[in-house]
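As structure tokens, the structure follows; a few thoughts come after it.
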Amino acid sequence: IEAGMGYGVFLHGEAVGTGMVMASELSQRLGLITAGERELLLSAIAAAQLPMKAPAWSTAEYLKWMSVDKKARAGRPRFVLLQGLGQAFMREVDEAILDLSIKACLQ
């Protein structure tokens with residue numbers, strides 16, 4: 001998000017907070033966390049006064065930036081997911097589920 005918007009436009013902490021919102025949405029859609037766990041995480045992000053909505057880009061735009069992220073492998077984006085609160089891991093995600101998750105998190 002930082003690179004796509006231009007460094008300094010969206011601060012690092014804001015990008016991390018927004019990424020956590022998006023990771024929680026994706027994790028819940030995949031059945032890895034409950035709605036209650038997601039709400040606890042969202043409450044903490046809101047309490048820190050971090051953005052709760054992602055920039056309104058297309059899924060293709062997000063994938064473009066994610067494919068060059070340090071978590072990507074061989075140009076394929078990998079995503080931080082939660083298997084319960086405090087238990088993060090990374091893996092690739094089906095693009096259809098990713099598309100739904102991104103759209104749910106847009107400004």
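The values are calculated or read from the model by the stated rules, or taken from the named source; none is laboratory data. What you see is a predicted model; the values in this text were computed from it and never measured. Backbone-built Cβ (ideal geometry, glycine too); neighbour counts: all protein chains shown.
Numbers at a glance
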read-out: Check on residue 36, in a loop (DSSP other than H, G, I, E, B) and either touching a helix residue (DSSP H, G or I) at 6+ places or on another chain (Cβ under 9 Å) or not charged (D, E, K, R) (or both); value: no
read-out: Residues that are closer than 21 Å to residue 10 by Cα and either exposed (fewer than 13 other Cβ atoms within 10 Å of the Cβ) or of a type in the set (Gly, Ala, Ser) (or both), drawn from the range 83-105; value: 101, 104
read-out: Of residues in the range 1-23 being in contact with a strand residue (DSSP E or B) (Cβ under 9 Å, 6 or more places away or on another chain) and at pLDDT below 90, the one surrounded by the fewest Cβ atoms within 10 Å (Cβ to Cβ); value: 4
read-out: Members of the range 47-82 that are loosely packed, with under 13 Cβ neighbours inside 10 Å and touching a helix residue (DSSP H, G or I) at 6+ places or on another chain (Cβ under 7 Å); value: 48, 53
read-out: Inter-residue pairs, beta-carbon under 8 Å, first closer than 17 Å to residue 99 by Cβ and surrounded by 17 or more Cβ atoms within 10 Å (Cβ to Cβ) and in the range 24-46, second aromatic (Phe, Trp, Tyr) and modelled with pLDDT under 95, 6+ apart; value: 26/79
read-out: Failed item in (1) more than 19 Å from residue 104 (Cα to Cα); (2) among the hydrophobic types (A, V, I, L, M, F, W, C); (3) in a loop (DSSP other than H, G, I, E, B), with residue 52 passing the rest; value: (1)
read-out: Among residues of the range 65-107, those that are farther than 19 Å from residue 17 by Cβ, charged (D, E, K, R) and without any contact (Cβ under 8 Å) to a residue 40 or more places away in the chain, counted; value: 7
